[in-house]
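What follows is one structure encoded as structure tokens, with my remarks underneath.
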Amino acid sequence: MKPVCAVTGASGYVGSRIAAALAAEFEVLAMSRNAGEGGLRWSMGQEASVVEALRAREVSALVHSAWDFGQPRPTANWKSNVQGSGRLLEQARAAGVQTPVFVSTISAFEGAQSEYGKSKLAVETMFLEAGGTVIRPGLVWGDRPGGVFGSLRRQVSKGGRVPVIGDGRYAQYLVHEDDLAGVLVRAVRGEFPGRRLTVAHPQPWLLRDLILRIAIGQGKSVKLVEVPWRLIWAGLKTAEMLGLKPGFRSDSVVSLVHQNPAPEFSDCGPVRAFQ
């Protein structure tokens, strides 16, 4: 019988890739708001306990990759994501889960300016104190990407003028979805207890160069139009405060502009370069 690993965010881009990779060795228990048959209904802000459900399914490992991106206000973000993650971790430990793994971000580091980075960093501390593993992926790419990389591809696919944040000279570190999933499987096996791993290829790509390279791959001709990043941020922030849901978040602009100036890449196996 396969050991059971619960995965939050299994319906998202990164979470689905992780769940698929884990399925070869583990029985995957998907935890989400809309979990289907065989899954476990759960959401970040949920007050109801999942201790008994996790114990009944004999869950031995937890991969927490879910995140509530619908909270633009810092206080609401902290309540939903940080406190919600802490509550989940406490319940997992009470249910006897031995291997907790948190999927963080390369944008989480001491001195991070984005709310995303700050809140992820707080959750990292919880998981490390519990003896778990923290994985910090770079910008995740693949053949059918989602997230920020997917947004860039969709924008480039239209061709013509492509707005770029500021001068676009912001370093991005990329990781292929399969390489990331491979490290996650090893973490669930228990190979990296108590460790924080930054998983990305150490070759940086300037954002503007990355956009142009994506355009070449799609056979598109594009012209980059520089837009002051504060102007983009203000427009997105205004839309969010009005209750709108733009395709790109204002806090993501902060993350792109204020990345970790010196990330420490972990020796956890080969990570292919973006071509």
- Evaluation of Val101 against (1) farther than 23 Å from Leu212 by Cα; (2) within 17 Å of the chain's Cα centre (by Cα); (3) assigned to a helix (DSSP H, G or I); (4) in contact (Cβ under 8 Å) with a residue 12 or more places away in the chain (one fails), failing number: (3)
- Among the numbered criteria (1) basic (Lys, Arg); (2) part of a loop (DSSP other than H, G, I, E, B); (3) surrounded by 18 or more Cβ atoms within 10 Å (Cβ to Cβ), which single criterion is violated by Arg208? (2)
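Just to confirm my filter: which helices (runs of 4 or more DSSP H) fall fully inside segment 4-78 and include at least 1 residues that are over 16 Å from the mean Cα position of the chain (by Cα) and touching a residue at least 60 places away in the same chain (Cβ under 8 Å)?
Details: elements: 13-22, 51-56, 74-77.
Hits in segment 4-78: 13-22.
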- Query: Does Asn81 meet the test of being surrounded by fewer than 17 Cβ atoms within 10 Å (Cβ to Cβ), under 30 Å from Ser114 (Cα atoms), of a type in the set (S, T, N, Q) and within 20 Å of the chain's Cα centre (by Cα)?
  - Reply: no
- Message: Criterion first (in a helix (DSSP H, G or I) and either hydroxyl-bearing (Ser, Thr, Tyr) or surrounded by 19 or more Cβ atoms within 10 Å (Cβ to Cβ) (or both)) does Gln91 satisfy it?
- Response: yes
- Message: Tell me yes or no: at least one residue of segment 118-138 is assigned to a helix (DSSP H, G or I), among the polar types (S, T, N, Q), free of Cβ contacts under 8 Å to residues at least 60 places away in the same chain and closer than 22 Å to Phe69 by Cβ.
- Response: yes
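In this structure, is Gly168 surrounded by 17 or more Cβ atoms within 10 Å (Cβ to Cβ) and touching a strand residue (DSSP E or B) at 6+ places or on another chain (Cβ under 7 Å)? Don't jump to the end; show me each part of the working.
Numbers: surrounded by 17 or more Cβ atoms within 10 Å (Cβ to Cβ): yes; touching a strand residue (DSSP E or B) at 6+ places or on another chain (Cβ under 7 Å): yes.
Answer is yes for this residue.
Taking segment 238-256 only, how many residues are loosely packed, with under 12 Cβ neighbours inside 10 Å and outside any loop (DSSP other than H, G, I, E, B)? Even if it seems obvious, please write down each step before you answer.
From segment 238-256, those loosely packed, with under 12 Cβ neighbours inside 10 Å are 241-245, 247; that's our starting set.
Okay, now just the ones that are also outside any loop (DSSP other than H, G, I, E, B), so 241.
So the count comes out to 1.
Scan segment 182-190 and give yes if some residue there is of a type in the set (Gly, Ala, Ser), out of contact with any helix residue (DSSP H, G or I) (no Cβ under 6 Å at 6 or more places or on another chain) and surrounded by fewer than 21 Cβ atoms within 10 Å (Cβ to Cβ), otherwise no. Even if it seems obvious, please write down each step before you answer.
Pass one, segment 182-190, residues of a type in the set (Gly, Ala, Ser): 182, 187, 190.
Of the ones still in play, those that are also out of contact with any helix residue (DSSP H, G or I) (no Cβ under 6 Å at 6 or more places or on another chain) are 182, 187, 190.
Subsequent filtering for residues that are surrounded by fewer than 21 Cβ atoms within 10 Å (Cβ to Cβ) retains 182, 190.
Checked against the condition, which is being of a type in the set (Gly, Ala, Ser), out of contact with any helix residue (DSSP H, G or I) (no Cβ under 6 Å at 6 or more places or on another chain) and surrounded by fewer than 21 Cβ atoms within 10 Å (Cβ to Cβ), segment 182-190 yields at least one hit.
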- Across (1) assigned to a loop (DSSP other than H, G, I, E, B); (2) touching a residue at least 40 places away in the same chain (Cβ under 8 Å); (3) of a type outside the set (S, T, N, Q); (4) under 17 Å from Val257 (Cα atoms), Val148 clears everything bar (1)
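If a residue has to be part of a strand (DSSP E or B) and either farther than 25 Å from Thr125 by Cβ or modelled with pLDDT under 95 (or both) to count, how many in segment 173-194 make the cut?
The first filter runs over segment 173-194 and keeps only residues part of a strand (DSSP E or B), leaving 174-176.
Right, trim to either farther than 25 Å from Thr125 by Cβ or modelled with pLDDT under 95 (or both) and you get 174, 176.
Of the residues in that region, 2 qualify.
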- Would you check which residues across segment 213-232 are in contact with a strand residue (DSSP E or B) (Cβ under 7 Å, 6 or more places away or on another chain), under 15 Å from Arg154 (Cα atoms) and either outside any strand (DSSP E or B) or of a type in the set (Gly, Ala, Ser) (or both) and list them? Ala215
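Suppose we filter segment 230-275 for residues that are more than 21 Å from Ala112 (Cα to Cα) and not β-branched (Val, Ile, Thr); how many remain? Explain how you work it out, then say what you get.
First, pick out the residues of segment 230-275 that are more than 21 Å from Ala112 (Cα to Cα): 235, 238-247, 267-275.
When the remaining residues are screened for being not β-branched (Val, Ile, Thr), the result is 235, 239-247, 267-270, 272-275.
Here the count works out to 18.
The values are calculated or read from the model by the stated rules, or taken from the named source; none is laboratory data. Here the structure is a predicted model, which means the values were calculated and not measured. A quick note on method: Cβ atoms are made from the backbone with ideal geometry, for glycine too, and the neighbour counts reach across all protein chains shown.
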